[in-house]
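The values are calculated or read from the model by the stated rules, or taken from the named source; none is laboratory data. Because the structure is a prediction, the values reported are computed rather than measured. Don't worry about glycine lacking a Cβ; one is built from the backbone with ideal geometry, like all the others, and counts go over all protein chains shown.
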Amino acid sequence: MKKKADRYFYPAVFTYEPDQEIAVVFPDLDCATSGVNDDDALLSARELLGCVLFGLEEDGEDIPAPSHLRDVQTQDNERAVLIDVYMPSVRERMNNRSINRTITLPAWLNAIALENNINFSQLMQDALKERLQIGR
């Protein structure tokens, strides 16, 4: 298994057009996002970078080498910016995300549970932890 890096640095191109959001493109990763201002564009870029790299890691795909910032070509209305992402926090957040599961119950049992204000998600988590002997 390949060692996963703790931090990645990739160049992004910020494109500025009048009366439009700032477009952000990662040329090495073929992905893009945007933001309403510089702060928002930077945060969106960092979030996207983390999601894309996490996906590549999870799929076992090669992580492309980032270009050098000085080698990124830009137009007059563009700026090359080096974006970094700290992967341990991304991995933790992604592994703790919630997912939806569909369950089937008899209608009568569902009705009684709803009358008793049962939180189905919490009940399922508790039952799975007990069955799997997690958190004891």
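Among the residues in the stretch 101-124, are any within 23 Å of the chain's Cα centre (by Cα), over 30 Å from Glu17 (Cα atoms) and at pLDDT below 90? Break it down into steps so the answer makes sense when it comes.
Taking the stretch 101-124 as the starting set, the residues that turn out to be within 23 Å of the chain's Cα centre (by Cα) are 101, 121.
So of that shortlist, the ones also over 30 Å from Glu17 (Cα atoms) come out as 101, 121.
Right, trim to at pLDDT below 90 and you get 101, 121.
Looking through the stretch 101-124, at least one residue is within 23 Å of the chain's Cα centre (by Cα), over 30 Å from Glu17 (Cα atoms) and at pLDDT below 90.
Looking only at the stretch 110-136, count how many residues are surrounded by fewer than 10 Cβ atoms within 10 Å (Cβ to Cβ) and either assigned by TED's automatic domain parsing to the domain that holds Ser34 or hydrophobic (A, V, I, L, M, F, W, C) (or both). Break it down stepwise before answering.
First, the residues of the stretch 110-136 that are surrounded by fewer than 10 Cβ atoms within 10 Å (Cβ to Cβ): 115-117, 122, 131-136.
When the remaining residues are screened for being either assigned by TED's automatic domain parsing to the domain that holds Ser34 or hydrophobic (A, V, I, L, M, F, W, C) (or both), the result is 132, 134.
Total meeting the criteria: 2.
Identify the residue in the stretch 32-77 that is among the hydroxyl-bearing types (Ser, Thr, Tyr) and closer than 15 Å to Thr15 by Cα and, among all such residues, is surrounded by the fewest Cβ atoms within 10 Å (Cβ to Cβ).
Our first condition is that a residue be among the hydroxyl-bearing types (Ser, Thr, Tyr); within the stretch 32-77, this holds for 33-34, 44, 67, 74.
If we keep only those that are closer than 15 Å to Thr15 by Cα as well, we get 33-34, 44, 74.
On the way: Thr33: 21, Ser34: 17, Ser44: 19, Thr74: 12.
Of everything passing the filter in the stretch 32-77, Thr74 is surrounded by the fewest Cβ atoms within 10 Å (Cβ to Cβ).
Can Ala80 be described as among the small types (Gly, Ala, Ser), at pLDDT 95 or above and either exposed (fewer than 10 other Cβ atoms within 10 Å of the Cβ) or in contact with a Leu (Cβ under 8 Å, 6 or more places away or on another chain) (or both)? It would help to see each step written out before you state the result.
Numbers: among the small types (Gly, Ala, Ser): yes; at pLDDT 95 or above: yes; either exposed (fewer than 10 other Cβ atoms within 10 Å of the Cβ) or in contact with a Leu (Cβ under 8 Å, 6 or more places away or on another chain) (or both): yes.
Yes, satisfied.
When you go through Ile63, Ile103, Ile83 one by one, which is the residue that is of a type in the set (Val, Ile, Thr) and more than 16 Å from Arg7 (Cα to Cα)? Don't jump to the end; show me each part of the working.
Numbers: Ile63 fails: more than 16 Å from Arg7 (Cα to Cα); Ile83 fails: more than 16 Å from Arg7 (Cα to Cα).
Criteria check complete, one pass: Ile103.
Consider the stretch 31-90. How many of its residues are among the polar types (S, T, N, Q) and touching a helix residue (DSSP H, G or I) at 6+ places or on another chain (Cβ under 7 Å)? Don't jump to the end; show me each part of the working.
Residues of the stretch 31-90 that are among the polar types (S, T, N, Q), as a first pass: 33-34, 37, 44, 67, 73-75, 77, 89.
Now drop any that are not touching a helix residue (DSSP H, G or I) at 6+ places or on another chain (Cβ under 7 Å), which leaves 33-34.
Number of matching residues: 2.
Can you name the strands (runs of 3 or more DSSP E) wholly within the stretch 1-103 that have at least 3 residues being in contact (Cβ under 8 Å) with a residue 24 or more places away in the chain? Give the derivation first.
Details: elements: 7-15, 22-26, 31-35, 78-86.
Filter on the stretch 1-103 gives 7-15, 78-86.
For the stretch 85-109, give me the residue count where each residue is among the small types (Gly, Ala, Ser) and either surrounded by fewer than 10 Cβ atoms within 10 Å (Cβ to Cβ) or touching a strand residue (DSSP E or B) at 6+ places or on another chain (Cβ under 9 Å) (or both). Even if it seems obvious, please write down each step before you answer.
Filtering the stretch 85-109 for residues among the small types (Gly, Ala, Ser) gives 89, 98, 107.
Adding the requirement that they be either surrounded by fewer than 10 Cβ atoms within 10 Å (Cβ to Cβ) or touching a strand residue (DSSP E or B) at 6+ places or on another chain (Cβ under 9 Å) (or both) leaves 98, 107.
Final tally of qualifying residues: 2.
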